[in-house]
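Engineer: Just dropping this structure here.
The values are calculated or read from the model by the stated rules, or taken from the named source; none is laboratory data. It should be emphasised that the depicted structure is a prediction, and the values quoted were computed from it without experimental measurement. All Cβ positions, glycine included, derive from the backbone under ideal geometry; neighbour counts span all protein chains shown. Remember, those area values only see protein heavy atoms, side chains included, never the ligands or the DNA or RNA. Shrake-Rupley method; radii C 1.70, N 1.55, O 1.52, S 1.80 Å.
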Amino acid sequence: MMKSLPIIQALLVSCCLLSTSNEIRARTILTEGLESYDFAVRIQAIAAASMVGSNDAMVAHIQDFLKDKNVKVRLAAVRALADLRAPQRKAGLQNVLIEDTAPEVSFAAAKALAALEDPEGTTVLMDVYDRKRKTRSNLLEQKKRSFFDEFHSPQSTLLFLMSQGIGYVPVPGAGDGYSAISELLKDPELSDRAQVLFLLTRTKNQESLALLDRALRDGDWSVRAAATQIIAQTAWTEFRDSLIPLFEDKNYRVRLRAAGAYLHLSLVGTP
């Protein structure tokens with residue numbers, strides 16, 4: 001047994017050295033990507049860096065990209081910071097709201113801050129909903145980017161709902177509705193105001209009630225559809241009768257969701 005100890009120790013040292021070597025290699029790859037002149041490479045590197053952990057050095061490195069010349073890179077940095085759980089990320093996102101001239105970037109920062117229950121982010125989202133603030137640059141209007149482009153399945157939608165804290169309420173005997181909400185989130189005509197509605201109504205309170213009541217009568221079909229979907233997903237039975245007028249909505253996506261939401265709510269409390 002004593003003779004085998006040196007061999008075991010040598011193997012452990014070898015494994016540690018190999019592990020350290022692989023870590024160095026991985027960090028080198030990330031660093032090269034972050035320093036690339038190709039903005040597409042920088043975007044992918046930023047996304048990968050957000051998986052490393054919220055240490056001070058990594059957060060600071062990602063925050064540097066909030067001032068990148070490329071709008072898409074700045075957007076990637078905002079989203080990466082939103083994924084990290086470091087407390088110092090909030091200051092960088094707040095600076096974006098003040099300093100960034102691209103509506104897309106400040107909008108992304110506002111959504112990230114609102115998810116952190118930061119009042120500045122929530123205020124900006126309300127301005128967006130009330131049409132007081134732009135969310136897209138004029139030059140990019142023909143190439144609209146949806147915040148929900150990444151959602152291609154009910155499973156990914158569920159992860160989004162969980163991460164954003166949207167109060168999903170299961171209803172016995174009824175379907176989860178993830179497929180319906182996934183299709184809505186992927187719709188290229190879904191407006192930014194509809195996206196904002198999902199973020200502002202995560203909690204059942206008087207503000208959410210008033211906002212959903214307005215949304216059901218909004219001139220934007222996607223806002224009406226989003227409202228019906230939220231009402232169904234959160235089992236907000238107070239709105240059941242308010243869905244009936246939407247049975248005659250001019251947009252079939254609203255009509256169908258209103259009908260589905262109404263039937264969904266009819267099962268609440270049914271054995």
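Engineer: Ranked by accessible surface with a 1.4 Å probe, highest first, in what order do ASP187, ASP130 come?
Structural biologist: Final ranking, largest accessible area leading: ASP130, ASP187.
Engineer: Charges only on Cβ, +1 for Lys and Arg, -1 for Asp and Glu: so what's the dipole of the range 179-271 about the Cα centre, in debye to the nearest 20?
Structural biologist: 100
Engineer: Along the three principal axes, how long is the range 32-114 when you take its alpha carbons, biggest first, rounded to the nearest angstrom?
Structural biologist: 31, 25, 15
Engineer: Students often get this wrong, so check it: of LYS72/LYS111; LYS72/LYS204; LYS111/LYS250; LYS67/LYS134; LYS67/LYS132, which have C-alpha atoms separated by over 23 Å?
Structural biologist: LYS72/LYS204; LYS111/LYS250; LYS67/LYS132
Engineer: Principal axis lengths of the range 180-241 from Cα atoms, whole Å, largest first?
Structural biologist: 30, 21, 21
Engineer: Hey, another quick one. Rounded to the nearest 0.05, what FRET efficiency do LYS134 and PHE247 have when you use their Cβ-Cβ distance and R0 = 35 Å?
Structural biologist: Calculated transfer efficiency: 0.55.
Engineer: Here's something else I'd like to know. Lys/Arg Cβ at +1, Asp/Glu Cβ at -1, dipole of the range 178-237 taken about the Cα centre: which of SER191, ALA225, ASN205 is farthest positive-ward?
Structural biologist: Selected residue: ASN205.
Engineer: What distance in nm separates the simple spin-label points at ASP127 and LEU263, each placed 7 Å from Cα in the Cβ direction?
Structural biologist: Using points 7 Å along Cα→Cβ, the separation is 4.3 nm.
Engineer: Here is a follow-up. ASN205 to ALA57: FRET efficiency via 1/(1 + (r/R0)^6), r the Cβ-Cβ distance, R0 35 Å, to the nearest 0.05?
Structural biologist: 0.35
Engineer: For the range 205-245, list residues with backbone N below 18 Å from a point placed 7 Å from the Cα of GLU189 toward its Cβ?
Structural biologist: Under 18 Å, as judged by backbone N against the label point of GLU189, lie 216-229 of the range 205-245.
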